[in-house]
Amino acid sequence: MKRISKKFILINLLMICTVAVILLSLTFDLSINYSDIWQALTHFNPDSTEHVLIISRVSRVIVALLVGASLSLSGQVMQLQYQNDLADPSLMGISDGSALAISILMIFNPEAKMLERIIISLVGSLVIYLLLFIINQKMISQRDKLSLPLLGIILSLLISSVTTFIVTYFDIAQSVTAWYASRLYRVSLSDVIYFLPVLIIGIILLLILRKEMNVFSFGPEITTVIGMNRKLLNTLLSLVVVLLTGISVAIVGRMAFIGLVVPHMSKLLVGKRYGDTLLITPILGGFLVLVSDYLSRILNYPFETPISVVIAFLGVPIFLYLVRKGTNMRYD
């Protein structure tokens, strides 16, 4: 009962804070009131500069929430799969696989539409995820908690180096950099249309599997005893990671730290049961990206600081705090 009450209070508090930041983001540097926002949403006039700016802001806010939710859930699922607190799509090279695939697409088809970019990004995520899974199964002991992060870092550096070589050789560095540095300022409502269904599918699938995820966290011995199809569950969880990471990178570029720190923040708030954290994690992740996006606009006004830089400023202290807690951390 206490757990349910605490979770309910936290969700409502996060929602209130998120709504407050949404309103600040929508009205930032614009002489408009909330009735103007409602008017633009319900009676959009493409000839009105004010309406176009408002819709652009709305798209930016929604995509910020979606990418934060997606990456935080991806990190949570990877940490469960590999039983490793340092597992994360950006640290393990999954995001870099998407970036490499999109860079190759830009060489051969620089005018590629967003749907094509999303598809090729998913392919890149899938290939690197399979490579990581195979190497982990064949070469790394499950008892060694440091080998997986080290493998991920090496894989990420290798893929990033290949990407840098390709974009430099084919002279597309400027185009790739503009996209790679988290392009929230360029998103549109069409991106929301692509993004939202994928996130909803991922959340629904995780909610359906939440009880199995709780059992999965106890390790292969327990799941074998109770007859759980661990391989099928692992495949479904991998699919969620690939989908959410691939579409996030395709639409906004690469963002670090979200998938790494948000799952731990959720566990500190409501405990380590996955059924309890599955709702807190996406809300908290969306809130963190939204706050970072807002700060990116005011830190060096009128210029905009790359959101990846702001996320690093926020994420590094949180990560260092988690490292300092180390083995003394309890997710009760």
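Per-structure values
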quantity	calculated
Gyration tensor over alpha-carbon atoms, segment 1-136, equivalent ellipsoid semi-axes in Å	35, 27, 9
Å² of accessible area per residue within the chain, as computed with a 1.4 Å probe and no ligands counted	51
Given charges at Cβ of Lys, Arg, Asp, Glu: the chain dipole, positive-most of GLY75, THR18, LEU184	GLY75
Cα centroid of segment 222-274 to Cα centroid of segment 28-80, whole Å	25
List ILE154, ILE280, ILE318, ordered by accessible area with a 1.4 Å probe, largest first	ILE154, ILE318, ILE280
Ellipsoid equivalent to the chain - semi-axes via the Cα gyration tensor, in Å	32, 26, 18
In segment 207-308, chymotrypsin sites (Phe, Trp or Tyr not before Pro) in a DSSP loop with at most 15 other beta-carbon atoms within 10 Å	PHE218, PHE303
Farthest toward positive dipole pole in segment 223-323 [+1 Lys/Arg, -1 Asp/Glu at C-beta], among GLY315, LEU279, LEU295	LEU279
LEU232-THR305 pseudo-label distance in nm [points 7 Å out on the Cα-to-Cβ vector]	4.9
Residue with peak Gaussian network fluctuation, the chain [Cα springs, cutoff 10 Å], from LEU232, LEU244, LEU105	LEU232
The chain, helix-only ellipticity at 222 nm - DSSP H runs n ≥ 4, -39,500 (n - 2.57), divided by all residues, nearest 500	-26000 deg cm²/dmol
Additional length obtainable on full extension of the chain from ILE134 to ILE107, 0.36 nm per residue less Cα span	6.8 nm
Mean Cα-pair separation over length for the chain, i.e. relative contact order, pairs under 8 Å, 6 or more apart, %	30
Percent carbon-and-sulfur accessible area, the chain, ignoring ligands, DNA and RNA, probe 1.4 Å	68
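The values are calculated or read from the model by the stated rules, or taken from the named source; none is laboratory data. Since we're looking at a predicted model, the values are computed, not measured. Ideal geometry is used to build each Cβ from the backbone, glycine not excepted, and the neighbour counts take in all protein chains shown. All accessible areas refer to the heavy atoms of the entire protein, side chains included, with ligands and DNA or RNA removed. Shrake-Rupley method; radii C 1.70, N 1.55, O 1.52, S 1.80 Å.
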